[in-house]
Amino acid sequence: MRKIKNQIVVHAFTPIAKPINASIQKNSSMLLLGKFPYVNGEKTFNTKFYYIKGIRGMLRHACMELAQDCNIEVCHSSEKTELKDGKSVLPQGFHALGTCDPPCILRTIFGTFREKSSIVVAADPIASIKHKDFITIVPVQNVHISSENRIALAYDGTPIQDFRESYFSGFFSFQIDVTNLTDVEIKFLIEAMLYVEILGAGRSSGYGCVKILNIALQKVETFRRVEEDSEGNYKIIEETTEIPLSLSKIEDWRTSLNTMSKQDEKVAV
Ligand SMILES: [Zn+2]
């Protein structure tokens, strides 16, 4: 079995981020995946795995900002144009989700409620593993995960309500499968990384600041084969190779996009 895909791997750092899954009463928690074993030396331990929510939304927002900066109208995050009271919810520079013809660059990358996205955004789970050396069944990103106890104060400074929020801190990475994107769309996505700043909740309190450290565009080839061992068991052996890909002049997407839309207009005429 041989599979090929193109992906962007992004390495990032956050001092503290709260990609909150849900608020249960007074507790806000991250998306818990379950307890998984890891091995340190001769011993096996258990640790909790969590998923970093909100990365795709963070990227979509960054793409919207880049489009805004370049005066390119793109899909808004909703199909709604106004609220029941007639108040507009569509900011300038955006059209309602999925109403563009031909589809705008944001729609071709991220899809709509009804159309599939052309990219897949994924990250290995995160865990807080105290041991320096460890082996896990599936890849995991070792970060610091904890909860913060907070207190809401009354106007006069009296503590009136306590609540808990979970957070993580450290280096993390995520992958964007861009196999289905054109070079122009990949360039747009790469430049949008300049706008990535915030992940998760608590922005007003200074949480969720994300620093992108580096970005790699690569072709990933995966080979899998079945091998029989000496005891008659069949095992799946997987090998992966990553080959760096390069795209010249990232900012070129602007002119290519203009040329493309002009061509489309000509076809329409
Ligand atoms: Zn659109």
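What follows is calculated from the coordinates using simple rules that are stated; it is not laboratory data. For clarity, every value in this text was computed on a predicted model and none was experimentally measured. All Cβ positions, glycine included, derive from the backbone under ideal geometry; neighbour counts span all protein chains shown.
Which value in Å does the Kirkwood hydrodynamic radius of the stretch 79-190 take, with 1/r averaged over all unlike C-alpha pairs and then inverted?
19.1
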**Interchain or long-range residues, amide H under 5 Å from S118's placed H** = F110, G111
**Request:** Could you list the chymotrypsin sites (Phe, Trp or Tyr not before Pro) in the stretch 41-90 that lie in coil according to DSSP, counting only those with at most 15 other Cβ atoms within 10 Å of their Cβ?
**Result:** none
**Prompt:** Among K3/K235; K53/K187; K80/K211; K18/K43; K3/K187, which pairs are too far apart, with a Cα-Cα distance over 21 Å?
**Reply:** K53/K187; K80/K211; K18/K43; K3/K187
**Request:** Have a look at the stretch 1-99 and give its Rg and Dmax from the Cα atoms, expressed in angstrom.
**Result:** 20.5, 66
**the stretch 129-265 shape via C-alpha gyration tensor axes, a/c threshold 1.5** = oblate
**Request:** Convert 10 °C to kelvin, take the viscosity as 1.306 mPa s, use the Kirkwood radius over C-alpha pairs of the stretch 24-158 as Rh, and evaluate the Stokes-Einstein diffusion coefficient in µm²/s, rounded to a whole number.
**Result:** 84
**Message:** Counting other beta carbons within 10 Å of each residue's own, what order do H76, H144 fall into, fewest first?
**Reply:** H144, H76
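I need the Kirkwood Rh of the chain: take the reciprocal of the average 1/r across all distinct C-alpha pairs and report it in angstrom.
Every distinct Cα pair counted, the radius reaches 21.7 Å.
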**Asked** According to the Kirkwood expression over distinct Cα-Cα pairs, how big is the hydrodynamic radius of the stretch 154-200, in Å?
**Response** 15.3
**Request:** With springs only between Cα atoms under 10 Å apart, run a GNM on the chain and tell me which of D252, D229, D124 wobbles the most.
**Result:** D229
